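See below for the structure under consideration.
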Amino acid sequence: MGTTVYEQEVVADGPKDTSGFGGHPSGLTTLFFTEFWERFSYYGMRAILVLYMAAPVEQGGLGFDTVKATSIYGTYTMSVYLTNLPGGLIADRFLGARLAVLLGGIVIALGHFSMAVNSMPFFYGGMALIAMGTGLLKPNISVMVGGLYGKDDLRRDGGFSIFYIGINSGAMVAPLVCGYLGQRINYHLGFAAAGVGMVLGVIQYLAHRRRLAGVGAKPASRSDDVKTPRQPLTEQEKRRLMAIGLLVFFSLLFWAAFEQSGSSFTLFADRQTRTSLLGFDFPSSWFQSVNSFFILALAPVFAWLWVRMGKRQPSSAAKFSFGLLFLGIGMVIITIAGSLISTGPVSPLWLVGLYFFHTVGELCLSPVGLSTVTRLAPARMAGLMMGVWFTATSLGNKLAGWAAGFYQDDAGALLRLFGITAIVALAASAVLGLMVPMIRRLAEQPQQEKEL
């Protein structure tokens, strides 16, 4: 079978590059800032999307009811991640990860600028462009991060945690900027600011592209593949794909609760939470920066912890179980807060508590999941399997939007919405905890070296 240059680079184990952040490869710095600006653009727009659709027309919004606004939001966020699967395939077969990331960033910027135009066709067209661009950028930039490390490099999980700092730095700043511009001045100005952020990301990516010379190249000629069928999966690869599949399923359940941040949690913040602190009144969209603030505070701790523990750290499956447990605790907190709204708007500390536990859960699951997929997936399927990972995120986003459609400004309705979500998360944590030994066996190498 003809092996592509890209495939060879993903599995290469050359001398370690330690010239970047904390002894990591220098290419991680470039990808860090590219993802910073991409997430700035995405979370900046997302911070005001539901609020824009639900706001009355006389206040500059679209005047949609809650069910319609959250349904569109869920479909959009689903599409943003669902396109990751074809985006990964296109990079694997034709473009290579490096070019896919560049083209994706350009298309995303065009989408945000389209939404800055006060027109319904431009509004929907802009969301479509962002979804397509993200499909090219999101899975392939993660594959490139994985390609910076050799197969047995213990820096890998730490590297993805550092990468997560880039994601959440952009996600923290975005609601502060785009949310303020959108809610206090004009929603379309907030969308335009998101587009400017993506343009800055593309410029940075091009300026430092030499650091990425060893990963994500365009595939070499595939003429040999026309003559020879692709190599079938080995039994070991099948077992590892099964392990990935199980973790992907539980990640879907995680995102179905976690991604209510931009829908039901945002509506709760806007309608049922005090948005003032020490006499300072702030936009409700600013609550969406809290999760990212905690990421920035805790991600370095987690990155250090995994490296420090080395082979003594919990398995990836166990980390997933912990992630679901903390997610469930956060949902219990918001359930209690929802039961108190009959006496008036609740303290902002309830949402802060929710986001703290959700952040700890996210750090146990999301960067670890990215690392696990790039480590266990066959090199020739790296982009495809990263697309599968984000497909689960996509479906979780759609479920989150569907669940948010049950949001009502009523204590009983909130008890049902948030309470059921809490029960599902805690139950999933317990089930996955029991399955950890089985998943570890599925991922074992013939020499019994444990990959999970």
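With no solvent and one point per C-alpha, what does the Debye sum give as log10 I(q)/I(0) for region 222-357 at q = 0.11, 0.19 Å⁻¹? The Debye formula, applied to the Cα set alone, gives -0.59, -1.15. List, in the order given, every pair from Lys151/Lys311; Lys68/Lys398; Lys16/Lys151; Lys138/Lys238 whose Cα-Cα distance in the structure shown is over 19 Å. From Lys151/Lys311; Lys68/Lys398; Lys16/Lys151; Lys138/Lys238, over 19 Å: Lys138/Lys238. In the chain, the longest principal axis of the Cα atoms and the axis of helix 290-309 are about 30 degrees apart. On the principal axes of its alpha-carbon atoms, region 307-363 has extents of 51, 17, 11 Å, going from largest to smallest. Taking every Cα-Cα distance in region 50-132 and sorting them into 10 Å bins starting at zero, the pair-distance distribution P(r) comes out as 17, 41, 27, 12, 3 percent.
Dipole magnitude for the chain: computed about the Cα centre from +1 point charges on Lys and Arg Cβ and -1 point charges on Asp and Glu Cβ, it is near 780 debye. Using C-alpha pairs under 8 Å with a sequence gap of at least 6, the mean separation divided by the residue count of the chain gives a relative contact order of 26 percent.
Projecting the Cα atoms of Pro283, Pro232, Ser264 onto the dipole axis of region 152-287, where Lys and Arg carry +1 and Asp and Glu carry -1 at the beta carbon, places Pro232 farthest toward the positive end. Sorting Ser316, Ser429 from the fewest to the most surrounding beta carbons within 10 angstrom yields Ser429, Ser316. Would you pull out the residues with amide H under 5 Å of Thr273's amide H, same chain only if 5 or more places away, H placed 1.01 Å from N? Under 5 Å from the amide H of Thr273 lie the amide H atoms of Val346, each far enough along the sequence or on another chain. Just so you know, the Cα atoms of the chain work out to an Rg and Dmax of 21.4, 72 Å.
Between 0 and 90 degrees, the angle of helix 382-404 with respect to the longest Cα principal axis of the chain falls at about 20 degrees.
Highest mean first, the peptides 359-369, 294-304, 196-206 sorted by other C-beta atoms within 10 Å per residue fall in the order 359-369, 196-206, 294-304.
Every number in this text was worked out from the coordinates using simple rules, so none of it is lab data. None of the values given here were measured: they were computed from a predicted structure. Please note: Cβ atoms are built from the backbone with ideal geometry, for glycine as well, and neighbour counts cover all protein chains shown.
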